[in-house]
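Following: one structure in structure tokens, then a few remarks.
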Amino acid sequence: MRALVAIWRLGRMLVHVLHGLLIVHLRWSRMAVPARQQMVRWWSAKLLRVLGIALQASGKGRPGPKLLAANHVSWLDIAAMHAVLPEARFVSKAAIRHWPLVGAMVAAVGTLFIERASKRDALRVVHQMAAALQDGETVAVFPEGTTGRGWPLLPLHGNLLQSAISTERPLQPVVLRWHQPGQTYSEAAQFIDQMTLLQSLWRVLTARGLAVSVQVLAPMETAHADRRALAGRLGEVISAELPPPAA
């Protein structure tokens, strides 16, 4: 039975992704920024729905330029955040650019790609982020640098936070929690270890009652901050909103 549900969800997802590709290739260049953001919100929220994922949102993004920083669990984290904060330009690993179907859409919405193993490339991306923030845009990062199990929070890296410090733009924490009935932290949503994208997708497609909570917290000031100290405070703020797993 779960296999039939998964196949139905997969079919709907493929149709939705193809629709997104048509929008990117035929309409995107002619759309104004507000229309693009509205489309990003709609497309991301519908992707979650066709996959059987319930979205729970709380808090609001601060108006104007800001650096969003969230914990990282799933390859669907970007969709979950875009359904709530469609103005965000994400920093993502370069490999995503080459993912089938979705890679083109991820690039179209202004994603900044980074080679995570290269310190030189990190410096390049920090400069790009700072320029975007200076121009009034919102940028989003996952300071853990990789996906985790949801709890506990992995150590946060401060390198990319320097973009907010140097431009004196606020840092706004976002807390993501994927959960299911009986699971404070959903195992189906985790994209960890040596798991492939197809393996993770199948776990999501067959999941029962999968939901994601997107909690937008109060912004933090960054002017004259030390990036390591700022990363430490950010980690404390996010961790305080992550409940311990049920025994």
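Scoring Ser186 on the criteria (1) free of Cβ contacts under 8 Å to residues at least 40 places away in the same chain; (2) touching a Phe, Trp or Tyr at 6+ places or on another chain (Cβ under 7 Å); (3) open to solvent by 70 Å² or more (accessible area, probe 1.4 Å) leaves a single failure, condition (3).
Can you find a residue that is within 16 Å of the chain's Cα centre (by Cα) and outside any strand (DSSP E or B) anywhere in the stretch 176-185? No; the residues of the stretch 176-185 include none that is within 16 Å of the chain's Cα centre (by Cα) and outside any strand (DSSP E or B). The set of residues in the stretch 45-89 being in a strand (DSSP E or B), open to solvent by 40 Å² or more (accessible area, probe 1.4 Å) and farther than 22 Å from Val204 by Cβ consists of Ser58, Arg89. Kindly establish whether Arg89 is of a type in the set (Lys, Arg) and either closer than 25 Å to Leu14 by Cα or at pLDDT 95 or above (or both). Criteria met by Arg89.
Can you confirm whether Met105 is open to solvent by 50 Å² or more (accessible area, probe 1.4 Å), modelled with pLDDT under 95 and over 23 Å from Leu161 (Cβ atoms)? Criteria not met by Met105.
Within the stretch 208-229, the residues that satisfy the criterion of being surrounded by 14 or more Cβ atoms within 10 Å (Cβ to Cβ) and in contact with a strand residue (DSSP E or B) (Cβ under 7 Å, 6 or more places away or on another chain) are Gly209, Leu210, Ala211, Val212, Ser213, Val214, Gln215, Val216, Leu217, Pro219, Met220, Thr222.
A Cβ distance below 6 Å, combined with a sequence gap of six or more or placement on separate chains, defines the contacts here; from the stretch 18-36, residues that are closer than 23 Å to Gly64 by Cα reach residues that are open to solvent by less than 80 Å² (accessible area, probe 1.4 Å) and of a type outside the set (S, T, N, Q) in the pairs Trp28/Ala108.
Taken over the stretch 90-106, the criterion of being part of a helix (DSSP H, G or I) and not aliphatic (A, V, I, L, M) is satisfied by Arg97, His98, Gly103. Remark: Arg169 matches the filter, which requires a residue to be within 27 Å of Ala240 (Cβ to Cβ), in a loop (DSSP other than H, G, I, E, B), open to solvent by 30 Å² or more (accessible area, probe 1.4 Å) and in contact with a strand residue (DSSP E or B) (Cβ under 8 Å, 6 or more places away or on another chain). Scanning the stretch 191-207 for residues that are in a loop (DSSP other than H, G, I, E, B), open to solvent by 20 Å² or more (accessible area, probe 1.4 Å) and touching a residue at least 60 places away in the same chain (Cβ under 8 Å) yields a total of 2.
Give the stretch 22-44 a look and list any residue that's in a helix (DSSP H, G or I), loosely packed, with under 12 Cβ neighbours inside 10 Å and not polar (S, T, N, Q), or say none. Listed by number, the residues that qualify are Leu22, Leu26, Arg30, Val33, Pro34.
If you go through the stretch 151-159 one residue at a time, do you hit one that is surrounded by 13 or more Cβ atoms within 10 Å (Cβ to Cβ) and assigned to a helix (DSSP H, G or I)? Yes, because at least one residue in the stretch 151-159 is surrounded by 13 or more Cβ atoms within 10 Å (Cβ to Cβ) and assigned to a helix (DSSP H, G or I).
Within the stretch 6-21, is there a residue that is under 16 Å from the mean Cα position of the chain (by Cα) and open to solvent by 20 Å² or more (accessible area, probe 1.4 Å)? Looking for residues that are under 16 Å from the mean Cα position of the chain (by Cα) and open to solvent by 20 Å² or more (accessible area, probe 1.4 Å), one finds none in the stretch 6-21, hence no.
The values are calculated or read from the model by the stated rules, or taken from the named source; none is laboratory data. Given the structure is predicted, the values throughout are model-derived calculations rather than measurements. All Cβ positions, even for glycine, are placed from backbone atoms using ideal geometry, and neighbour counts span all protein chains on display. Heads up: the accessible areas ignore ligands, DNA and RNA and are worked out on the full protein's heavy atoms, side chains in. Shrake-Rupley method; radii C 1.70, N 1.55, O 1.52, S 1.80 Å.
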